[in-house]
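What follows is one structure encoded as structure tokens, with my remarks underneath.
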Amino acid sequence: MVDVQWERFAIMACESSRAVGIFDSGVGGLTVHRRIVERLPNENVVYLGDTARVPYGTKSANTVERYARNCAGALLKEGIKLLVVACNTASAYALESLRDNLDIPVLGVVEPGAQRAAQQTRNGRIGIIGTSGTIASGEYQRAIERYAPESQVYCTACPLFVPLAEEGWVTGGIPEQIVHHYLAALLDARIDTLVLGCTHYPLLKEAIGAVVGPEVFLVDSAEATAAAVADTIEGLGIARTTEESPERRFLVTDDTNTFARVGALFLGEPITNVHWVDF
Ligand code: DGL
């Protein structure tokens, strides 16, 4: 494995026409991409899926941080004006280090999701589900503690949700049984809010909703993050203003066709303009 030298990119002035950069371990972050372009349809967006190294969710903090730095470096070479870490595991393990080392705004998915959950809960009992890495990092737990210190947080890792989503096997008896298996303890704890703390989980919303019932509010971190990205871009005055239609590019570190096929499930539309990159 080649560890790309950490480079410091000084972006002196953010030009509004520069793209928003988004990275994830693979296809999952397309759920975040989808919400971002819904909120900001005029922005150029370049998305990097590190499909050669996926999954991040089972790897150590050091490894995920190194991968995240490499992804950020590849996107900075594209001249982006803002970086979105769409991967929950990478946000949990690497956001601080990316923020410390980059001269452009860096947004993750943990903080917006945690904030939304803290605003939403009525009984102060919040559930969080994510990869093993995200849950082990304690980042969601700490973020909720900041926004709603009185609340009780109950967490569980749901590793089987990622392959289910990628298979497109997201509704019906089998996914619901698996959801029930993972969430039984959270339901016993009488949570009223559940954070979908993984890029893949919005695809399982229907099955999760069927198991937890309408009284449990599902927080989609992708939606919350898109709102935070829109606020940041508007707040900094760096929104793209030209009339020409925006460019959407996709970079992957493994096979482009597989990404386009599986990724369409996550993006909700066909994917073109996919290019292979190495770092
Ligand atoms: N993108 C990852 C996340 O949101 C899920 C897939 C993986 O384990 O890499 O944590």
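Assorted remarks:
- Which numbered condition Tyr67 misses (of (1) aromatic (Phe, Trp, Tyr); (2) open to solvent by 10 Å² or more (accessible area, probe 1.4 Å); (3) away from the ligand (no atom under 12 Å from the Cβ)): (3)
- Test: residue in the stretch 227-242 that is touching a Gly at 6+ places or on another chain (Cβ under 7 Å), at pLDDT 95 or above and assigned to a helix (DSSP H, G or I): no
- Residue count for the stretch 254-279 under the criterion of being touching a residue at least 60 places away in the same chain (Cβ under 8 Å) and under 18 Å from the mean Cα position of the chain (by Cα): the result is 7.
- Qualifying residue in the stretch 231-244 (condition: open to solvent by 40 Å² or more (accessible area, probe 1.4 Å), without any contact (Cβ under 8 Å) to a residue 60 or more places away in the chain and of a type in the set (S, T, N, Q)): no
- Of the residues in the stretch 191-201, at least one is among the small types (Gly, Ala, Ser) and under 29 Å from Asn62 (Cβ atoms).
- Residues of the stretch 190-210 that are assigned to a helix (DSSP H, G or I), touching a residue at least 40 places away in the same chain (Cβ under 8 Å) and closer than 25 Å to Asn123 by Cα: Tyr201, Pro202, Leu204.
- Residues of the stretch 245-273 that turn out to be touching a Lys or Arg at 6+ places or on another chain (Cβ under 8 Å), farther than 23 Å from Val170 by Cβ and surrounded by 14 or more Cβ atoms within 10 Å (Cβ to Cβ), as a count: 2
- Candidate set from the stretch 199-211 (those that are surrounded by 21 or more Cβ atoms within 10 Å (Cβ to Cβ) and within 20 Å of Gly172 (Cβ to Cβ)); member that is farthest from the ligand (Cβ to nearest atom): Ala207
- Inter-residue pairs, beta-carbon under 7 Å, first closer than 13 Å to Gly213 by Cα and of a type in the set (A, V, I, L, M, F, W, C) and in the stretch 174-189, second open to solvent by 20 Å² or more (accessible area, probe 1.4 Å) and in a helix (DSSP H, G or I), 6+ apart: Val179/Val211; Leu183/Val211
The values are calculated or read from the model by the stated rules, or taken from the named source; none is laboratory data. No experiment lies behind these values; they were computed from the predicted model shown. When we count neighbours, we look across all protein chains shown, and the Cβ atoms used for this are built from the backbone with ideal geometry, even at glycine. For accessibility, only protein heavy atoms count, side chains too; no ligands or nucleic acids. Shrake-Rupley method; radii C 1.70, N 1.55, O 1.52, S 1.80 Å.
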